[in-house]
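Asks: Sharing a structure, written as structure tokens. Questions coming.
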Amino acid sequence: MSTAAVTALSPILAAAAEGERPSLVVSLHDVAPATHAPCIRILDELHRLGISCTSLLVVPNYHRDGELVANREIISWLRELEAAGHETVIHGYFHERPISERETLRDRFMTRVYTNREGEFYDLSYDEAFRRISTAREQFKAAGLKPHGFIAPAWLLSIEGERAARDCEIEYTTRLASVRDLRAGNTYSARSLVYSVRTGWRRSASLAWNAVLFRRCKYAPLLRISIHPIDIEHREVWQQITRLISAARANREPTTYCDWVARARVNASN
Ligand SMILES: [Zn+2]
């Protein structure tokens with residue numbers, strides 16, 4: 001890989017490839033005007049836990065509620081967060097998927113049971129995916145933000161959607177179990193902890209599963225913890241999240257996906 005490609009994301013990292021501690025990426029999903037208040041609370045609590053850089057998954061027009069970039073308050077808040085070390089990531093466009101009449105059983109499971117009709121990029125055409133991602137990128141950049149990544153709602157990104165993201169000059173994407181560098185073409189296995197809180201049984205199952213997953217990830221080079229704004233409203237879920245982050249913080253370096261991918265490029269080129 002060329003030096004230019006290695007340093008495209010973060011020039012500082014090109015000098016610091018080897019000998020680092022394992023990483024922790026905490027991502028906050030569904031950042032939007034509608035979730036602004038819980039997002040502020042979550043970032044405050046994370047800061048107290050020693051997490052002062054996160055990947056913020058920002059929705060350009062959450063549930064068609066209006067363009068994010070028209071909201072000056074949230075834009076200046078995001079710019080401050082970027083300046084403080086957080087990363088803005090484009091997270092879908094509308095974060096909703098209309099029901100299609102031609103759905104298979106698998107489609108129905110993935111878009112209605114696995115996710116609550118949020119899988120916007122699950123089967124979007126290339127052209128529409130390209131239009132939405134490029135519009136979001138232009139809007140964010142015009143607002144003074146610096147998005148490098150695109151992450152589909154519920155991580156449901158079709159092959160066509162991924163191709164569109166790459167053609168929109170997006171540097172990386174993530175799925176539930178991997179991080180993919182779209183420039184270098186490398187995929188890194190790393191399953192994310194994430195909670196489903198829609199019902200009591202989902203919360204119980206999430207608590208049990210994430211405790212197991214956390215133990216399994218003990219020696220993984222990258223630990224991913226994905227938080228949704230609603231998580232902080234469920235005491236047991238939030239307690240587990242903060243406990244696991246505190247434990248991970250003892251031997252892991254908090255970073256963003258953008259910086260992690262940049263570092264992985266350096267390592268891959270050596
Ligand atoms: Zn989302």
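The values are calculated or read from the model by the stated rules, or taken from the named source; none is laboratory data. The model shown is predicted, which means the values in this text are computed figures rather than measured ones. A quick note on method: Cβ atoms are made from the backbone with ideal geometry, for glycine too, and the neighbour counts reach across all protein chains shown. Just so you know, the surface numbers come from the protein's heavy atoms only, side chains and all, with ligands and any DNA or RNA stripped out. Shrake-Rupley method; radii C 1.70, N 1.55, O 1.52, S 1.80 Å.
Asks: Scan (1) at pLDDT 95 or above; (2) in a helix (DSSP H, G or I); (3) of a type in the set (Gly, Ala, Ser) for the single condition residue 226 breaks and write down its number.
Replies: Here residue 226 clears every test but (2).
Yes or no, residue by residue, for (1) at pLDDT 95 or above; (2) assigned to a helix (DSSP H, G or I); (3) within 16 Å of the ligand (Cβ to nearest atom):
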site	(1), (2), (3)
96	no, no, yes
99	no, no, no
109	no, yes, no
123	no, no, no
127	yes, yes, no
146	yes, no, no
174	yes, no, yes
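Asks: Among the candidates 207, 222, 193, single out the residue that is closer than 30 Å to residue 48 by Cβ and in contact with a Ser or Thr (Cβ under 6 Å, 6 or more places away or on another chain).
Replies: 222
Asks: Shifting gears a bit: How many residues, within the range 155-195, are touching a residue at least 24 places away in the same chain (Cβ under 8 Å), in contact with a strand residue (DSSP E or B) (Cβ under 7 Å, 6 or more places away or on another chain), open to solvent by less than 50 Å² (accessible area, probe 1.4 Å) and more than 17 Å from residue 92 (Cα to Cα)?
Replies: 5
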